[in-house]
Amino acid sequence: MSAFRVSATDGAARAGVLATAHGEVPTPAFMPVGTKATIKGLHPERVRELGGSVVLANTYHLFFRPGIATIEELGGLHRFMGWDGPILTDSGGFQVFSLRHTIVRADGEGVTFRSVYDGAMARFTPELAADVQRRLGSDVAMCFDVCPAADAPREVHELAVQRTTAWAARQLAAPRAPGQLLFGIAQGGTDPGLRRRSVEEVVALGFDGHALGGLSVGEDREAMLDTVEWAAPLLPAGRARYFMGIGDPLGILDVVERGIDMFDCVLPTRLGRTGTALTWEGRLNLKNARFGRDGRPLDEGCPCAACERFSRAYVSHLVRQQELLGLILLSEHNVRFLLDLTAGARAAIERRELGSYRRAVLDRLGSGVAAGQEALG
Ligand SMILES: [Zn+2]
């Protein structure tokens, strides 16, 4: 039985529910990223209050710090990070291959590289990625894939597709945590032939869900969306579809419209830590002196605790004085903004009004920008 159920569709877009060992995830779902087993600046209770139903954690980073044995000994990742809801762990493939300068050798068996923490040699294989994620006890584990840069030569993408399939088959055969789902990842960049081949090979192996990997890694946005548009429908309709690494408001709607159910991005917390708010007026840089006496909330009408209680002037003061609370409030607000946008998309799909929802979002963001605010986000 599939862990995923589609409850409504609107064009290619779907609303659904992913059932995991630690609860259900209504989709489309934005997954806040907790790279090092924390959504930076946010208490897990607050993530829940903001509307987060699933969080992402990172095999690569947890492997080195604090180490998998430590987390396992302390009762697994849920207990360790104080989050009892669904967790998706990525396999470390993206980190290993995007930290290209650390790779010592990549071969058919796996990848040898130097840790970004202390330069120590390490080797990741599909079996290791399976074992680490089993011991972490995440609800959704990801396959260890080969993710080349968007502008890599075709033969590099071709080899990535070949190895990604071979590694997916090996990881599929490895033991998992009880109830743990395993998602396969398709590569192939924006090359139609390679992408199609990767999708078909990975789907044929039989995973609980599928990800389109190797997109949003520097390629042209049009080409990326075009690829999602034709590749997403090749994935089985009854399994969840995950787009790895998108989190700007328009990007979210773009991929949801093309049939994606889950996505993740560090954007809201990263922007929060640099003093920037995602709002319906576009991105606001709170370091800017013009907010110094602005008594309005970060975003009019936002129900988050930061907007309910504090003014832009106060948050701006905190940010300029490098007070921790400023970064926390901005991170909270930004995560809430994207979760609300995504929940709005889900509701719109259920009403079969995603197109008008999208137009309303664009209008609202566009008029804020036209009113003299900063770049559309
Ligand atoms: Zn807010």
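The residue of segment 175-195 that is farthest from residue 153 (Cα to Cα), among those that are over 20 Å from the mean Cα position of the chain (by Cα) and crowded, with 17+ Cβ neighbours inside 10 Å, is 177.
A quick yes/no check of all residues on (1) in contact with an Asp or Glu (Cβ under 7 Å, 6 or more places away or on another chain); (2) buried (at least 22 other Cβ atoms within 10 Å of the Cβ); (3) not polar (S, T, N, Q):
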{"residue": "219", "(1), (2), (3)": "no, no, yes"}
{"residue": "224", "(1), (2), (3)": "no, yes, yes"}
{"residue": "241", "(1), (2), (3)": "yes, yes, yes"}
{"residue": "258", "(1), (2), (3)": "yes, yes, yes"}
{"residue": "278", "(1), (2), (3)": "no, yes, yes"}
{"residue": "291", "(1), (2), (3)": "no, yes, yes"}
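Of the strands (runs of 3 or more DSSP E) contained entirely in segment 90-136, not one carries at least 3 residues that are among the hydroxyl-bearing types (Ser, Thr, Tyr) and surrounded by 18 or more Cβ atoms within 10 Å (Cβ to Cβ).
Conditions (1) at pLDDT 95 or above; (2) of a type in the set (Val, Ile, Thr), marked per residue:
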position: 116; (1), (2): yes, yes
position: 120; (1), (2): yes, no
position: 124; (1), (2): yes, no
position: 140; (1), (2): yes, yes
position: 144; (1), (2): yes, no
position: 149; (1), (2): no, no
position: 157; (1), (2): yes, no
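Please verify whether segment 54-66 includes one or more residues that are of a type outside the set (Val, Ile, Thr) and touching a Pro at 6+ places or on another chain (Cβ under 9 Å). Yes, there is a match, as at least one residue in segment 54-66 is of a type outside the set (Val, Ile, Thr) and touching a Pro at 6+ places or on another chain (Cβ under 9 Å). Restricted to segment 259-348, the set of helices (runs of 4 or more DSSP H) holding at least 1 residues that are more than 10 Å from the ligand (Cβ to nearest atom) and under 28 Å from residue 25 (Cβ atoms) comprises 267-273. Is it true that residue 77 is surrounded by 23 or more Cβ atoms within 10 Å (Cβ to Cβ) and touching a residue at least 12 places away in the same chain (Cβ under 8 Å)? So residue 77 fits the description; yes. When segment 130-156 is filtered for residues that are under 11 Å from residue 68 (Cα atoms) and of a type in the set (A, V, I, L, M, F, W, C), the ones remaining, listed by number, are 132, 136.
The values are calculated or read from the model by the stated rules, or taken from the named source; none is laboratory data. The shown structure was predicted, so the numbers you read here are calculated from the model rather than taken from an experiment. Neighbour counts run over all protein chains shown; Cβ positions are idealised from the backbone, glycine included.
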